[in-house]
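Below is one structure, written out as structure tokens, with a few remarks after it.
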Amino acid sequence: MDHSMGRRRLFIMDCLVLIMVALNIIEAATAATTFEVGGSLGWTVPPNTSYYATWASSKTFAVGDTLEFKWNSTHNVLEVMTKAEYDGCTKTNGPIWETSPVVTTVTAGTRYFICSIGTHCARGQKLAVTSVASANVPTTPPGSSASSFPTASVVLPAILSTIAISFIFVI
Ligand SMILES: *[C@@H]1O[C@H](CO)[C@@H](O)[C@H](O)[C@H]1NC(C)=O
Ligand SMILES: *[C@@H]1O[C@H](CO)[C@@H](O)[C@H](O)[C@H]1NC(C)=O
């Protein structure tokens, strides 16, 4: 075991590279975000009817992200299936959650949530969440986001070749 100093330094550098690559992989794999619906207001009758649409438009939702609806007083979360039901505050027989907090996942496409109690929905307690194609996509017009993001097919070979080069130096 008589490594030269230069060789030992290279080995340490390669270990650091490997750790950085590992951290990147972990970060990419766990990049899902948890959103508290409505921010500090939570899930309630908002001060105006555009409140939740404004809140949602300030976020980028990716498939696999988490939505948390939290409330204190008398509310619920009813998921309606169409934009027409959402627009009209139609109280359908969709999935309904009565107890705060409600934790649910962002899926592909759009999910529509309303509060089915009294006039709460008509007064703005409703939320539409539309997901983008991949995690960490900056807000861009629909259609252009998928192509502008370096997908796993691009990132993964770069990571693997970095690992391969590191091992060549270690050996
Ligand atoms: C519920 O009440 C608690 C205690 O007053 C408060 O800390 C919390 O922010 C409230 N949550 C919502 C969603 O209003
Ligand atoms: C709605 O209420 C929020 C919170 O009070 C406020 O920031 C926003 O400007 C209001 N929007 C409109 C259109 O009044």
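What to note about this one:
- Residues in region 60-78 that are within 22 Å of the chain's Cα centre (by Cα) and open to solvent by less than 20 Å² (accessible area, probe 1.4 Å): 61, 62, 65, 67, 69, 77, 78.
- Residue that is least open to solvent (accessible area, probe 1.4 Å) [pool: residues in region 34-59 that are part of a helix (DSSP H, G or I) and more than 16 Å from ligand 1 (Cβ to nearest atom)]: 56
- Unmet requirement for residue 50, which otherwise passes all of (1) closer than 18 Å to residue 131 by Cβ; (2) within 16 Å of ligand 2 (Cβ to nearest atom): (1)
The values are calculated or read from the model by the stated rules, or taken from the named source; none is laboratory data. For clarity, every value in this text was computed on a predicted model and none was experimentally measured. Neighbour counts run over all protein chains shown; Cβ positions are idealised from the backbone, glycine included. Just the protein is used for accessible areas: all its heavy atoms, side chains included, with ligands, DNA and RNA removed. Shrake-Rupley method; radii C 1.70, N 1.55, O 1.52, S 1.80 Å.
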